[in-house]
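Okay, so here's the structure we're looking at.
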Amino acid sequence: MNAIINNIEIIKAKTTKINDVDFDNLKFGHVFSDHMLECNFKDGKWQAPKVVPYQAIALDPSAKIFHYGQSVFEGMKAYKDANEDVWLFRPLDNFKRLNISSKRLAIPELPENYFMDGLKTLLQVDNGWIPKKDGSSLYIRPFVFASGGGFHASPADAYKFIIATAPSGAYFSGKVKVLIEEKYSRSANGGVGFAKAGGNYAGQFYPTQLAIDKGYHQVIWTDDNTHEYIEEAGAMNIFVRINDTLITGPTSDRILDGITRKSIIELAEAEGISVEVRKISVQEVVAAAKDGSLKEMFGAGTAAVISPIAGFGYKDADYDLPELDDTYASTLKKRITDIQTNKAEDPFGWRYKVE
Ligand code: PLP
Ligand code: COI
């Protein structure tokens, strides 16, 4: 008999890979835990999810994921505190956003209990894989894709929802230099930019590689219509500090409604920092860099948490940001990670105990 926890059946792996993992030197998303959650949509409904050994997936070559790119995903983290308690950060927001993304890609939405009970059970089974070291966590990747086949360009009749996890260290190491994009766009009005759709990332790789070839690490995406407003930093939302005001663009059809972004806005306000949510023009950022009022720029997202930007390129000129001792980026990164890892009070009710 297989074990059942939270109504989820568990098929245990026969062996563990955990002894091969160097938990003191973790890269990001490079090694994968022993189990995954698997749930299939067929006959018009999601079937009960199961925890199964982490394994390759066999798909028909006509599966629509390969041809028409019906795929969405999420990014979350689990943290283990000094008492070995396990925590998630605003997980219901990831669940809701996964369904928002699915709806836009004509993928059937998941029931909340399959996502939440499935995730909790997976974390209980692979508890030993959740790192305790500062700066490390278990990166969680829920994703849904079209497994049903056929060359007709229409939504599939079968889907898979999987949660795979990877004990991970920092996403970026060292200083991040970015290029403000003048030609390519990651999203457009009426498009899928607000969804975490796999294709959004595929479309970023080529322009990002062009930026890397020029010596930058990431692209700052601008609006597709005029390229005059900055919108996102690679796969992160972007914040700019001019004098003592922290500014981030409003969410829209084109921008992912980041959970880190909205938490940073609340945390900054609670710290007494003046925050503006409004469009940020490239001209404003360039002018502020020239007159010295541009103090900080940083990206915010689950994987990288807060990633300070050391400088940016625009129209063949490079601009360096000052190296300040006390930054909003470091204050806010400490505030959010202390809440995530149960080192500080959580007045917002964001932390979620896995039990
Ligand atoms: N923007 C994009 C395009 C992303 O891929 C991500 C990563 O998830 C974010 C922003 C940040 O969102 P979150 O803070 O919810 O991880
Ligand atoms: C995240 O921040 O979790 C992301 O999904 C970014 C990513 C594409 C690695």
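Just so it is clear, none of the values below were taken in a lab; they were calculated from the coordinates. Predicted model only: the values in this text are computed from it and were never measured. Every residue, glycine among them, receives a Cβ derived from its backbone with ideal geometry; neighbour counts consider all protein chains shown.
Near Arg241, once Lys and Arg are set to +1 and Asp and Glu to -1 for all other residues with Cβ below 10 Å from its Cβ, the sum equals -1. For the chain, the extents of the C-alpha atoms along the principal axes are 69, 53, 35 Å, listed from largest to smallest. Cross-linked pairs Lys132/Lys160; Lys132/Lys175; Lys96/Lys343; Lys279/Lys315; Lys262/Lys343; Lys17/Lys175: Cα-Cα separations exceed 23 Å for Lys132/Lys160; Lys132/Lys175; Lys96/Lys343; Lys17/Lys175. Packing around the peptides 39-46, 67-74, taken as the average count of other Cβ atoms within 10 Å per residue, puts them in this order, highest first: 67-74, 39-46. A Förster distance of 56 Å, applied to the separation of the beta-carbon atoms of Ser62 and Lys315, puts the FRET efficiency at 0.75.
Once you order the gyration tensor axes a ≥ b ≥ c over the Cα atoms, which shape class does the stretch 192-319 get: rounded for a/c under 1.5, otherwise prolate or oblate by comparing a/b with b/c? Oblate. The distance linking the stretch 269-339 with the stretch 125-204 is 24 Å (Cα centroid to Cα centroid, whole angstrom).
For the stretch 241-250, putting each phi into the Karplus relation 6.51 cos²θ - 1.76 cosθ + 1.60 with θ = phi - 60° gives couplings of 10, 10, 6, 10, 9, 9, 10, 9, x, x Hz, in residue order, rounded to whole numbers and with x for Gly and Pro.
Using only Cα atoms and rounding to the nearest 10 degrees, what angle (0 to 90) does helix 91-104 make with the longest principal axis of the chain? Between helix and principal axis, roughly 90 degrees. Take every pair of alpha-carbon atoms less than 8 Å apart whose residues are at least six positions apart; their mean separation over the length of the chain yields a relative contact order of 18 percent. Close amide H partners of Val219, meaning residues 5 or more places away or on another chain with modelled amide H under 5 Å apart, are Leu179, Gly234. Taking the C-alpha atoms only, the angle from helix 282-291 to the longest principal axis of the chain is near 50 degrees.
Helical runs (DSSP H, four residues minimum) scored at -39500 (n - 2.57) apiece and divided by the length of the chain put the mean residue ellipticity at 222 nm at -7500 deg cm²/dmol. Any of Lys50/Lys80; Lys133/Lys334; Lys64/Lys103; Lys214/Lys334 with alpha carbons more than 27 Å apart? Name them for me. Checking Cα-Cα distances, Lys214/Lys334 exceed 27 Å. Taking a ≥ b ≥ c as the square roots of the eigenvalues of the Cα gyration tensor, the stretch 166-234 is oblate, since a/c reaches 1.5 or more and a/b is not larger than b/c.
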